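*Asks:* Have a look at this one before I ask anything.
The values are calculated or read from the model by the stated rules, or taken from the named source; none is laboratory data. Computed from a predicted structure; not experimentally measured. Cβ: placed from backbone, ideal geometry, glycine included. Neighbour counts: every protein chain shown. When the accessible area is computed, the model is the full protein with side chains, heavy atoms only, and any ligands, DNA or RNA have been set aside. Shrake-Rupley method; radii C 1.70, N 1.55, O 1.52, S 1.80 Å.
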Amino acid sequence: MDQTRWVVVVPVKGTAGAKSRLGAGAGAGRAALANAFALDTVAALVAASAVERVFVVTASARLGVALAALGAVIVPEAPGPDAGQDRLNAAIEQGAEAARFACPDANLAVVTGDLPALHVADVETAFALAATHPLSMVADAEGVGTTTLLARAGYKFTPRFGLGSRAAHEGDGHVVLDLPPSSSLRRDVDTAADLDTARALGLGPHTSELV
């Protein structure tokens with residue numbers, strides 16, 4: 001495999017409880033928005049020339065069909081911890097295992113599935129920077145969380161997504177990539193305010209259809 005190219009794992013909740021912080025005003029549309037975020041995230045990753053393959057871990061068979069139609073490899077999420085970040089990290093580990101089995105010599109990245117304004121050019125920029133570090137990461141716009149975790153071929157990592165994940169990943173040796181706050185790879189959406197910011201960057205087609 002070309003060592004400038006990456007295999008990407010994307011964890012996607014795919015349940016009615018997804019994105020609860022979007023607020024009660026989103027109502028039943030909250031789950032649909034979360035699914036749209038995932039579809040737009042994966043579509044941008046699949047379109048990036050730096051990405052060899054995208055593995056999506058999800059418990060939703062219906063969403064899996066839609067993501068597979070975009071070109072993703074679907075990894076059905078195995079039963080695991082009920083707690084939020086523990087379950088997320090367990091799903092990431094499952095996806096990483098599947099990705100390493102299929103592509104043992106690949107660079108490996110984890111990208112959160114809530115980047116509805118993700119631009120292909122920002123993916124290319126970040127992954128080119130990451131190729132110069134054994135372990136790296138992309139911090140969210142607030143600077144405390146993580147949207148992307150990366151490891152060059154031959155290096156392993158432990159996902160520590162959740163509260164304070166930037167500090168946890170930095171503590172494990174991941175270099176924070178020098179990307180501007182405006183980079184769409186830093187603009188994950190958890191709240192209505194986040195969605196407004198993402199809209200200004202330019203939402204992908206699936207989210208735009210709902211918003």
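*Asks:* Please identify, among 31, 200, 126, the residue showing maximal mean-square fluctuation in a Gaussian network model of the chain using a 10 angstrom Cα cutoff.
*Replies:* Sorting by GNM fluctuation, first place goes to 200.
*Asks:* Select from 55, 189, 74 the residue farthest towards the positive end of the dipole of the chain; place +1 on Cβ of Lys and Arg, -1 on Cβ of Asp and Glu, and compute about the Cα centre.
*Replies:* 74
*Asks:* Connecting C-alpha atoms closer than 10 Å in a GNM of the chain, tell me which of 35, 89, 107 has the biggest fluctuation.
*Replies:* 89
*Asks:* Using the alpha-carbon atoms, what tilt in degrees (0 to 90, nearest 10) does helix 192-201 show relative to the longest principal axis of the chain?
*Replies:* Tilt relative to the chain: about 60 degrees.
*Asks:* A further question follows. Using a Gaussian network for the chain with springs between C-alpha atoms less than 10 Å apart, which of these wobbles most: 192, 34, 151?
*Replies:* The residue with the greatest mean-square fluctuation here is 192.
*Asks:* To continue, here is another question. Relative to 2.2 N^0.38 Å, what does the C-alpha radius of gyration of region 145-197 come to as a ratio? Two decimals please.
*Replies:* Values: Rg = 12.5 Å, N = 53, 2.2 N^0.38 = 9.9 Å.
Relative to the rule-of-thumb radius for its length, region 145-197 sits at 1.26.
*Asks:* Hey, what does the equivalent ellipsoid look like for the chain, semi-axes from the Cα gyration tensor as sqrt of 5 times each eigenvalue, largest first, whole Å? Please report the intermediate quantities before stating the final value.
*Replies:* Details: eigenvalues 112, 70, 58 Å².
Values for the chain, descending: 24, 19, 17 Å.
*Asks:* Can you pull the one-decimal nm distance between simple spin-label points at residue 178 and residue 163, each 7 Å off the Cα toward Cβ?
*Replies:* My value for the distance between the label points is 3.3 nm.
*Asks:* Explain nothing, just the number: dipole magnitude of region 54-168 about its Cα centre with +1 on each Lys and Arg Cβ and -1 on each Asp and Glu Cβ, in debye rounded to the nearest 20. Kindly include the intermediate steps, with their values, before the conclusion.
*Replies:* Values: 7 positive and 11 negative charges, 39 e Å.
With only Lys, Arg, Asp and Glu charged at Cβ, the dipole is about 180 debye.
*Asks:* Ok, one more. Using unit Cβ charges (K, R positive; D, E negative) and no other charged atoms, how large, in debye to the nearest 20, is the dipole of region 117-211 about its Cα centre?
*Replies:* Details: 7 positive and 12 negative charges, 64 e Å.
In total the dipole reaches around 300 debye.
*Asks:* How many angstrom lie between the C-alpha centres of region 167-211 and region 64-78?
*Replies:* 22
*Asks:* If the label point is 7 Å along Cα→Cβ of residue 4, which residues in region 41-64 have backbone nitrogen under 13 Å from it?
*Replies:* Flagged as within label range: 49-51.
*Asks:* Let me ask something else. Rounded to the nearest 5, what % of the DSSP beta bridges within region 41-200 are antiparallel ones? Intermediate values should be presented prior to the final figure.
*Replies:* Working: 9 of 15 bridges.
About 60 percent, rounded to the nearest 5.
*Asks:* Could you give the spread of the C-alpha atoms of region 37-141 along their three principal axes, from largest to smallest, in whole angstroms?
*Replies:* Each principal axis gives a Cα extent; for region 37-141 these are 36, 31, 27 Å.
*Asks:* Any chance you could give the angle, 0 to 90 degrees and rounded to 10, that helix 120-130 forms with the longest Cα principal axis of the chain?
*Replies:* 30
*Asks:* For residue 129 and residue 210, what is the calculated FRET efficiency with R₀ set at 35 Å and r taken between the beta-carbons, to the nearest 0.05?
*Replies:* Working: r = 32 Å, r/R0 = 0.92.
According to the calculation, E is roughly 0.65.
*Asks:* Then there's this: In whole percent, what relative contact order does region 34-88 give with Cα contacts below 8 Å and a gap of six or more residues?
*Replies:* The value is 31 percent.
*Asks:* Could you state the accessible area per residue of region 76-211 in Å², with a 1.4 Å probe and every protein chain left in place? Could you put the intermediate results ahead of the total?
*Replies:* Numbers: 6240 Å² over 136 residues.
Each residue of region 76-211 exposes 46 Å² on average to a 1.4 Å probe.
*Asks:* State the percentage of accessible surface on the chain attributable to carbon and sulfur atoms; use a 1.4 Å probe and exclude ligands, DNA and RNA. Walk me through the intermediate numbers first.
*Replies:* Details: 5090 of 9300 Å².
So the carbon and sulfur contribution to the accessible surface is 55 percent.
*Asks:* Could you derive backbone 3J(HN,Hα) for region 97-108 from the dihedral phi with the Karplus parameters 6.51, -1.76 and 1.60 (θ = phi - 60°), listing whole Hz in sequence and x where the residue is Gly or Pro?
*Replies:* 4, 5, 5, 5, 5, 6, 9, x, 9, 8, 5, 10
*Asks:* Okay, next question. Among 147, 134, 173, whose Cα lies farthest out toward the positive end of the dipole of region 129-175, if unit charges sit on the beta carbon of Lys, Arg (+1) and Asp, Glu (-1)?
*Replies:* 134
*Asks:* Moving to a separate point now. Could you give P(r) for region 88-211, binned at 10 Å from zero, as whole percent values over all Cα-Cα pairs?
*Replies:* The distribution over region 88-211 is 13, 44, 34, 9, 0, given as percents.
*Asks:* Can I ask one more? Where the only charges are on Cβ atoms (+1 Lys, Arg; -1 Asp, Glu), what is the dipole of the chain about its Cα centre, to the nearest 20 debye? Before the final figure, lay out each step's value.
*Replies:* Details: 16 positive and 22 negative charges, 53 e Å.
So the dipole magnitude of the chain works out to roughly 260 debye.
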